[in-house]
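The values are calculated or read from the model by the stated rules, or taken from the named source; none is laboratory data. Keep in mind that what you see is a predicted model, and the values were worked out from it rather than measured. Here Cβ is always computed from backbone atoms with ideal geometry, including for glycine, and neighbour counts include all displayed protein chains. Note: accessible area is taken over every heavy atom of the protein model, side chains too, but ligands, DNA and RNA are not part of it. Shrake-Rupley method; radii C 1.70, N 1.55, O 1.52, S 1.80 Å.
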Amino acid sequence: MSTIVLAIVLIFVTGYACIALETFTKVNKAAVALLMCVLCWTVYCFMPGHDLSTLPEGLGETAETLFFLMGAMTIVEIVDANGGFNFVRDTMKTRSKRKLLWRVAFMTFFLSAILDNLTTSIVMVMVLRKLIQDPKERLLYASMVIIAANSGGAFSPIGDVTTIMLWIKGMVSTGGVLTELFIPSMVSMVVPAALLSLSLKGKFDKEQNLQVADVSHFTKRQRQAVFCLGVGGLIFVPVFKTITHLPPYMGILLVLGVLWTVTEVFNRHLDESDPMAKRVTHLLTRIDMSTILFFLGILMAVLCLKQVGVLNQLGDGLNAAFSGNPYFITGIIGVLSSIVDNVPLVAACMNMYDVAPDGIYAVDGSFWQLLAYCAGVGGSMLIIGSAAGVVVMGLEKITFGWYMQRISWIVFVGYVAGILVYALEKAVF
């Protein structure tokens, strides 16, 4: 390995460590990712015979993912700001502690498949705060939100950033992940929910279920229309891609355009400065651009590693060590995704191996499907292992030690159970 390649690897590993330790360093991972990206490519420029022609092409592919994410985040923000998720709160109301846990689990699981695990986690925590007033009692339910959100995102092409990346790159198809990963993902959620429910008994006080005033001026029918257009539009995106063969970001922009137009019509009688007018131009300022910039930096840095041949060597090494067994390779990646962010892990794996015409690396092959499952579900093992975990950790002040002691082993049991179910599916069908 040349000195320049070694320097690029060292920059990436150092940046990766800083990203993984964001909770302790207090330095935003987006800033680290951008620095890592630019430094990697700057050092690469000093390599003899370097080729920068792949840089604009790689940026174009990365931009497809980023535009998709920005569109999806904006759509969810519009639905949430205009009271579209009020029905979630109303549907989950119950005084039974066990019933609430199961309702939280299933609602989060299916919402995460339609929205994304990060946004779903935020919505569900906000709903929990209206249903459970005691912060200590919310901890168990908030942990269930993390587990269900990551499991639900794993079986949907639009449910998790890593699955979106695999789907946009054509490594998995909509039908493939829905049919073959649904049951394993469900098992990875149901098993932890069953174990957690054993520790819950009794009912909440009547005061726990407080009526919450609506924050939107929209009528009930208008809120329902916003919800149906937003969530229904997200479900329609894979269908749009199948029909037109256009990139997924075109479908998401279509849905955003329709929803934007409809909300503008609903708001047309209000003054622009009216705080009740949840106009998209105002909501765009609430989009988490640091997350978008993080993905930009990390994906472009991984592209540099591929350019210098490091990822191909790593892929060959893993194949040699585990005899090409996809269960061992992806299983280890899943465990690693609980320690470090799953986005760079999956991005690296996507660049280690090429899509083959048949076998485990074919479109919807077992390697790519297991990668989607393991990277998504595995991130729940530690609270810092996924975006959903980090955001819930901040919102509910869950400590690393409490989660590791009470929740991690439960997640691991569900994680392994899901892999075994997937193996059984492959053996039977």
Largest-first ranking of Cys374, Cys18 by accessible area, probe 1.4 Å, whole protein assembly kept, is Cys18, Cys374
Please give the net charge around Thr119, taking every other residue with its beta carbon less than 13 angstrom from that of Thr119, where Lys and Arg add +1 and Asp and Glu add -1. -4
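What is the percent carbon and sulfur in the accessible area of the stretch 329-373, measuring with a 1.4 Å probe over the protein chains and ignoring ligands?
Values: 870 of 1300 Å².
With neighbouring chains kept in place, the figure for the stretch 329-373 is 67 percent.
What does the charge dipole of the chain about its Cα centre add up to, to the nearest 20 debye, if the Cβ of each Lys and Arg holds +1 and the Cβ of each Asp and Glu holds -1? Before the final figure, lay out the partial values.
Values: 29 positive and 28 negative charges, 368 e Å.
About 1760 debye.
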Taking the Cα-to-Cβ direction at Asn28 and at Cys228 and moving 7 Å from each Cα, how far apart do the two end points lie in nm? 3.9
Net lengthening on full extension, Asn325/Leu59 (0.36 nm per residue, minus Cα-Cα): 92.6 nm
In sequence order, calculated HN-Hα J values of the stretch 107-117 (Karplus, 6.51, -1.76, 1.60; Hz; x Gly/Pro): 5, 5, 4, 7, 5, 5, 5, 8, 8, 8, 5
For Asp354 and Glu425 in the same chain, what is the full-extension length gain: residue separation times 0.36 nm, less their Cα-Cα distance, in nm? 23.1 nm
Leaving out ligands and nucleic acids, and using a 1.4 Å probe, what accessible area per residue does the stretch 1-98 come to in Å²? 49
In nm, the gap between the two label points placed 7 Å beyond Cα toward Cβ at Ile4 and Val38 is 2.1
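Roughly how many Å² is the accessible area per residue of the stretch 105-189, as a whole number, for a 1.4 Å probe?
Values: 2130 Å² over 85 residues.
It amounts to 25 Å² per residue over the stretch 105-189.
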Ratio to report: Rg/Rh of the chain, with Cα atoms as the point set and Rh obtained by the Kirkwood method; give two decimals. 0.97
Considering the chain, which cysteines have no disulfide-compatible partner, defined as another cysteine with its Cβ under 4.7 Å away? Cys18, Cys37, Cys45, Cys228, Cys349, Cys374
So, in Å, what gap is there between the alpha-carbon centers of the stretch 73-127 and the stretch 1-24? 37
Label-point separation in nm, Trp402 to His269, each point 7 Å along Cα→Cβ: 4.7
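Under a point-charge model restricted to the Cβ atoms of Lys and Arg (+1) and Asp and Glu (-1), what is the dipole moment magnitude of the stretch 79-186 relative to its Cα centre, in debye to the nearest 20?
On the way: 12 positive and 7 negative charges, 123 e Å.
With Lys and Arg at +1 and Asp and Glu at -1, about 600 debye.
Counting only helical runs of four or more DSSP H residues, what would the 222 nm mean residue ellipticity of the chain come to if each run contributes -39,500 (n - 2.57) and the total is spread over all its residues? Could the numbers behind the result be given before it?
On the way: 21 runs with 311 residues, N = 429.
Helix-only estimate at 222 nm: -23500 deg cm²/dmol.
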Principal axes first, then extents: for the Cα atoms of the stretch 367-429, list largest minus smallest coordinate on each axis, whole Å, largest first. 44, 21, 13
Considering the dipole of the stretch 217-335 built from charges on the beta carbon (Lys and Arg +1, Asp and Glu -1) around the Cα centre, which of Thr219, Ile333, Cys304 is farthest to its positive end? Thr219
